[in-house]
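Let me give you the structure first, and then I'll get to my questions.
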Amino acid sequence: DQQVKQNSPSLSVQEGRISILNCDYTNSMFDYFLWYKKYPAEGPTFLISISSIKDKNEDGRFTVFLNKSAKHLSLHIVPSQPGDSAVYFCAASKGSGNTGKLIFGQGTTLQVKP
Amino acid sequence: ETGVTQSPTHLIKTRGQQVTLRCSSQSGHNTVSWYQQALGQGPQFIFQYYREEENGRGNFPPRFSGLQFPNYSSELNVNALELDDSALYLCASSPGGVDAEAFFGQGTRLTVV
């Protein structure tokens, strides 16, 4: 039972263009969502988060959108840079925000070509 | 401010053996969570410790157990290792407050042969 799904295993974009990574979830009790980036041989690094009371959160080149009715969130990276090439995981938690008990998707490998 | 550190970074064990993995949480963080990441998958929640008490557990058998110490560092113990236990084990610490993101260590790569 995969409660958080990232249906695209990989994505390739040109440097300077927009990268859009998608994530779907099934559990309506999730109230906090996060995106992590992971390079090989490193642990996941926090990127950006959003609470279920919001529909958008922005931090520099990264914007996360949340559509609660569709149980869908997306991460936009504009402009994409070669250093953004990594595996991106979306994660969700429930119960008064992020309790640290995260349910992760399978990940999407982003390749940004120079 | 030191980050989350895990030891060892790599480990090879034989099926049936026992293993202990260690994690030092980030300064000021009282909550530690452990995750198992199999190849090509996202991390899966094993359990969480808050102020030395287990505070939630994922779908893992009892042979996965843990401890948290007064300095908030933590151990993950796995008994009777199986081949399927081969994975990257990640530790994450957080301050335990609402909307506080978890910070991950670099992981321990466990191979069971």
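From the gyration tensor of the Cα coordinates in region A:2-74, what semi-axes in whole Å does the equivalent ellipsoid have, largest first, with each one equal to sqrt(5λ)?
For region A:2-74, the ellipsoid semi-axes come out as 21, 15, 13 Å.
Lysines near A:Lys54 by alpha-carbon distance under 18 Å, same-chain residues fewer than 8 away left out - which ones?
Here the lysines satisfying the reach criterion relative to A:Lys54 are A:Lys68, A:Lys71, A:Lys94.
Still on this structure: Tell me the volume per residue, in Å³, of the convex hull enclosing the alpha carbons of the protein assembly as shown. The partial results should precede the final answer.
Working: hull volume 27.6 nm³, N = 227.
So the per-residue hull volume is 122 Å³.
Here's something else I'd like to know. Of B:Ser94, B:Gln6, B:Val113, which is farthest towards the positive pole of chain B's charge dipole, taken about the Cα centre with +1 and -1 on the beta-carbons of Lys, Arg and Asp, Glu respectively?
Of the listed residues, the answer is B:Val113.
Another question about this same structure. Once you list every other residue whose beta carbon is under 10 Å from the beta carbon of A:Ser28, what net charge do they have if Lys and Arg are +1 and Asp and Glu are -1?
+2
Whole-Hz ³J(HN,Hα) for each residue in region B:31-47, computed from phi via Karplus 6.51 cos²θ - 1.76 cosθ + 1.60 with θ = phi - 60°, x for glycine and proline: what do you get?
Each residue's phi maps through the Karplus curve to give 10, 10, 10, 10, 9, 10, 10, 7, 4, x, 10, x, x, 10, 5, 9, 6 Hz.
Further question on the same structure: Mind checking which aspartates and glutamates have their Cα closer than 18 Å to the Cα of A:Lys113? Skip sequence neighbours fewer than 8 apart in that chain.
A:Glu15, A:Asp84
Something else about it: Hey, fewest Cβ within 10 Å first, where do A:Lys56, A:Lys38 land in order?
Arranged by neighbour count, lowest to highest, A:Lys56, A:Lys38 become A:Lys56, A:Lys38.
Still on this structure, I have one more. For chain B, compute Rh as the Kirkwood radius over C-alpha pairs and then the Stokes-Einstein diffusion coefficient at 37 °C and 0.692 mPa s; write the answer in µm²/s, rounded to an integer. Display every interim value, and only then the final one.
On the way: Rh = 13.9 Å.
The estimated diffusion coefficient comes to 236 µm²/s.
Net charge within 14 Å of A:Gly105 by Cβ-Cβ distance, Lys/Arg positive one each and Asp/Glu negative one each, not counting A:Gly105 itself? List each step's numbers first, then the result.
Values: positive: A:Lys5, A:Lys37, A:Lys38, A:Lys71; negative: A:Asp1, A:Asp24.
Spelling it out: positives minus negatives among the neighbours equals +2.
Since every read-out is calculated from the coordinates, none of them should be taken as a lab result. This one's a predicted model, so the numbers in the text were calculated from it and none came from an experiment. Note that we place each Cβ from the backbone using ideal geometry, even for glycine, and neighbour counts take in every protein chain shown.
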